[in-house]
Each structure stands twice: as structure tokens, then as C-alpha cells.
Amino acid sequence: MITSPWSGASRTGLRAVIALVVSFDAAVLGSLLAKASLGATSLAGRPALLTWLPGKTWAVTLVTGGTVVAALLFARGRRQMLWCGLALVGLAWSSESLTSAMGNPYRNQFAAGVVLLGWLLGAVHARACGARSDREREVHADLAAAALLGATYVAALTSKLLASVDGWFDGTSLRAVQLAQRPIGGVAEWFAASPRLATALTVLTLATQASGLVYGLGVRARALCGTVLIGFHVGVYALLGVPYLENTVLLAAFSYPWPRLVRRLRGLPPIDDVEAVMPPLAPRGQLVAVAAAVTVVALARWGPVPRVYTGAAHAPGEGRHAARPDALVKSVHEWGPLRVGSTFAGWRLAELRTEARGATLDLVRADRHLSLRVEARGSSGRAGPFDVRSASVTHGATDLPFAEFAGAGAAVARAIDDASPDGSAHLDAWWSAAR
Amino acid sequence: MHEGSDSGAAARSRLGLVLGVVGAYLATAFGLGNLYPFSVFDMYAGDKASSASRVVARDAEGHLDEVRAWTGWSCDPWPRLDLDACQREPPFYVVPYINREHEQYLSEHRGSPDGGEVVDLVAKVWWLDASGVRSAETCVIASCRARRR
């Protein structure tokens, strides 16, 4: 039976914790946004809505204040769907504005948004089932919010397995991340020299994240998986120094029967395990729910979304390989289909340097400079804004508006793709020929 | 609406809700990429890394320490920590946001060119294999002056 540790009790405490985490995130985002400016690290392809907020103290104060007020009113309990939705919009605007300015999403702040989204979806579901009051609606809101919190770990697991199954199972990636993240000397280098321990911890990490799939499936699942996931965050902090405070607090709130524990500590009689039970969704309601879900998923996959922003450039960049191999960097006149002096959407290829993993193109137009990098698709583990089936084409840091050089990037990518009839760019062969 | 008794149909409805929102979230996130609150959480999901690097400070005696262990930094020219100065074969693994944090720290803790002692900003690079750390080396990014905190 799918129930919650909060079943039968008031969920005011749960909402209060969610509101606290939302307010904390809003304040952190607000303080960073007020100081942020659009510069070299800003993301290309960002929607105009996201370039407006950074650096405008008065506007940031309004958005942050509005988000906190909405969170507090959500905690109060009346009109939960309205305040939950407004708090989610406020957090989303702040978070994406900061991401577009800084170039990095702050993923530890996604948990609050995920929980708000789940709460909202669950409340809508309960309403469709006939729930009349906020108290009744939050029965389903609690279930959906917990389920979505668990889903974030499944997403992390899936991403790792899709990117590099063997890399994650042999523990090498974990050792590399740990060395790069932790202070020099001491535990970091000892851990790097302990591949068996790294492999064991990696397998444990993947198994722990898999537990997110069943996290929302009942009281026992929440207690067990919640404890495991909290332990995982403590371990990540100890090993990598990466704190996920929001996740830890929310997991603690959703996983344990706090109302019952508090009553027992106070010597009060136990709570009756009686809670509003909504009838199932009517067939028409089920149809609408499925249609809505399919529409959202289809729009996410194929809709008019600024994918340069949400996909390629939005990737945080960790794990990127640095540096060009000195011995292999060579200025050449021709590399595959690219030739110095050619023009791409009005940009002239001024210099072409080959490298071990691909090539760097310096393009000029009037007094403007642009650097593009071509790599074999998937060699960096990241997508680029101009990716084609055969290669990844990314641009270097620039203050130019994306629209100004998007055509050049696309034209270069097209030239490479056209020269790769079997869908696989023969970068190594082009490189060898260029030597 | 009633309290207490839980029919099988109602339980199935709740199970449908839980599985539905999880499935829809994952499908949306993997279709979209990253847009708050949707994310594929691919922070450390890059391709297999066989190396690692970290920017650190090296004093005149060759002792390595964290950049933050020093203050009053003066470097000419002022360094960029994109590690273009460290051209190695093959390329090595970096975590760019950590280097950006170091850059920010250096900018916020500048000092006079004639203060402190000679300190090199270096990238320490480790090469990993199945048995542990195969080798390690350092690459000088900039020669600076700084003083211990």
C-alpha cells in the first residue's frame, strides 16, 4: 500500500521544512544573482527572460522576497497549490537566471524545486480524484513529492550509466573526481591509490542511487531508502567535499514518521492511522493525465525549446579534458573538409590547429574573433551547440551574442558532416593527413 | 471521499500517481536536458577519466599547498586557470568550476609585487590506472609572489 510516514497526521511540519529549504535556496540564489553579471562564462542561447534579472538588485530582491513569501504561505496551509506554484516559478526564474549568467547550474538547489513540482502534481491529481480541501489534497501531494525526490537519484544513475558504464564500475572516475575536488595531499591521494576501495564505493553509489526508484513506494521504502540516501550524501561530503544540504534535509523530512516520534517523546497518545482516501481517478481523468504527461514529454523532446541552452551549453563542464597536447598541436592549412581562407556564414577561417582530439578553428569577421572546437562526437562526454551525427562542435568563451555566430558554427558542422558519408567523422585520418 | 478504509482501486490509483510522475519526470528531463526543476543530474557522468588535476601553490622549497593557503597574490602576467599553459599529451581531466573558484580567490586576494615570497601556481596532474596512481607531474601556470595566511 502506498502511504506516507506522515499519514494520519497534519503535514504542517513537512510543509514548514519544504518552505524553509525553498526560502534558504531563494536567499542564496538572490545573493548570488544580485552580484552576477553577464560575461565570458554566460551561456549562449539563453532566453531573454533570463538575461534581465542578474545584477538588478531591486528586481532580485522582489523575486527573492516573493518566493520566500509564497513559501511561507504554502507552509501556512491554505491555497497550497497557488503558493506552491508561485514559489516554484520564483525559484525557477532565479535559478535559471543565475545559471545563464554563471554558466553552471547549482544542482543542489534542484531538490526544492522537484519537491514543489511533485507537491503540485499530487495536489492536482487529488483534486481530480475529488479531494475538496488542502488537507485531503496533500495526501497525494506528499506521495508525488517524495516520488520525484527519489526520481532525481535515478536520473543521476542513468546519466552515469549512459555516459560510461565501465568508467563508473571500475572506480577510476571516482578517484579522478576525488583528486580534483579535494585538497592536495592526505586522504585524496591515499584514496586515489586504492582502486579496490574506489570500485566498492562506486558500486555502492550506483546501488544507492538506484534505490531512488522505490523511494516513494511506501513507509518502509522511504525509511530504508531515505536512510541510505542520507548516508550517501554524508559520504559524498566526506569524500568529495560536495554538500547537498537541501537534499539531506528534505530526505530526512520525507523519510521518517516525525509526527509519531514527536508525540511519543511528548507522552501523547499515538496518532490514528486514519487518512482521507480518495477514490481512483475516473477513466476520463486518467486519459487527461496520460495525455498531459505525453504532451509535456513530447514538447520536452521535440518542442520549440532553446536546446543550445537546455542541452549543450547548459552542461556544467565538469569532466572536460583540459589542455592541448603540445607535441600534437600543429597549425595546418587544411584539415578534412576545412581549409584556411574558406568562409562560413560570413566568417573567414583564419587559422586551423590540429590536436589529438580534433581541431581548433579561429574565425574572424571584421574585427571580431571566434574560436570553434571540433571533436569526435562523445569524446568529451558532452554535447555541443552545433553537434551533428559525426562530430561535436563547440565555441570558446565569447561576449558575442550567440545569434551572431550560430550560422558559422552550423556551417562548419555541416561541412564536417557532409565529409563523413558514413556518419562517422574520420578525425584521426584527417589529422594524420594534415601532419 | 471517506476515511480509513482503503480500496484496492484507490491504492492502485496512488501507485499510478507515483509511477506516473516518476516516469514523466525522467522522460521530460532526458528529452529536455536541464531546465529547473528538470535535470539529468549528469554532474560527474562524463566519459571515463584516467587522469585528474588540481591547481595548487608551490613554494620555493617545492612544497605543494592549496591556493587558499596563500594570500597577497601578485603575478605578472595575471594567470588564467583554463590550463592552456599546461599542454600535455594526452589531455587530462579538470573540473572547470573549481578553477574558476580559484581564479576568483586570486582576484580577491591580490597583493603588491614586492611583498611575500616567490610562489608558483602549478597544476598537479595525476595519471591513473587500474593499480592506482601510475605517475604524477606538475606544470607551471605562473610565477607569482604571495604570503602565507
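Coordinate-derived values only; no laboratory data. As the structure is a computational prediction, the values presented were derived from the model and not from experiment. In this analysis, Cβ positions are derived from the backbone assuming ideal geometry, glycine residues included, and neighbour counts consider all displayed protein chains.
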Q: Over region A:150-201, consider all pairs of different Cα atoms and compute the Kirkwood hydrodynamic radius from their mean reciprocal separation; express it in Å, one decimal.
A: 11.8 Å
**Q.** Positive-end extreme of charge dipole, chain B - chosen from B:S74, B:A11, B:L106 (charges on Cβ)
**A.** B:A11
Q. How many percent of all Cα-Cα pairs in region A:1-145 sit more than 17 Å apart?
A. 59 percent
Q | Packing-based exposure ordering (other Cβ within 10 Å, fewest first) of B:D76, B:D42 | A | B:D76, B:D42
Q) Alpha carbon centre of region A:205-270 versus region A:57-110: separation in Å? A) 24 Å
Q. Hey, any idea what Rg/Rh is for chain B, computing Rh the Kirkwood way over Cα pairs?
A. 1.28
Q) Per residue of A:183-190, what is the mean number of Cβ atoms on other protein chains within 10 angstrom of that residue's Cβ? A) 4
(Q) Taking the number of other C-beta atoms within 10 Å as the exposure measure, put A:E351, B:E103 in order starting with the fewest. (A) A:E351, B:E103
Q | Exercise: per-residue mean of other protein chain Cβ atoms within 10 Å, B:126-132 | A | 5
Q.
Report, to one decimal in Å, the Kirkwood hydrodynamic radius for region A:193-237 based on all distinct Cα pairs.
A. 11.1 Å
Q. For region A:21-28, in order, what is each residue's ³J(HN,Hα) by Karplus, 6.51 cos²θ - 1.76 cosθ + 1.60 with θ = phi - 60°, in whole Hz (x at glycine and Pro)?
A. 5, 4, 5, 4, 5, 4, 5, 5
Q.
Using Cβ counts within 10 Å as a stand-in for footprinting exposure, how do A:K160, B:K124 rank, fewest first?
A. B:K124, A:K160
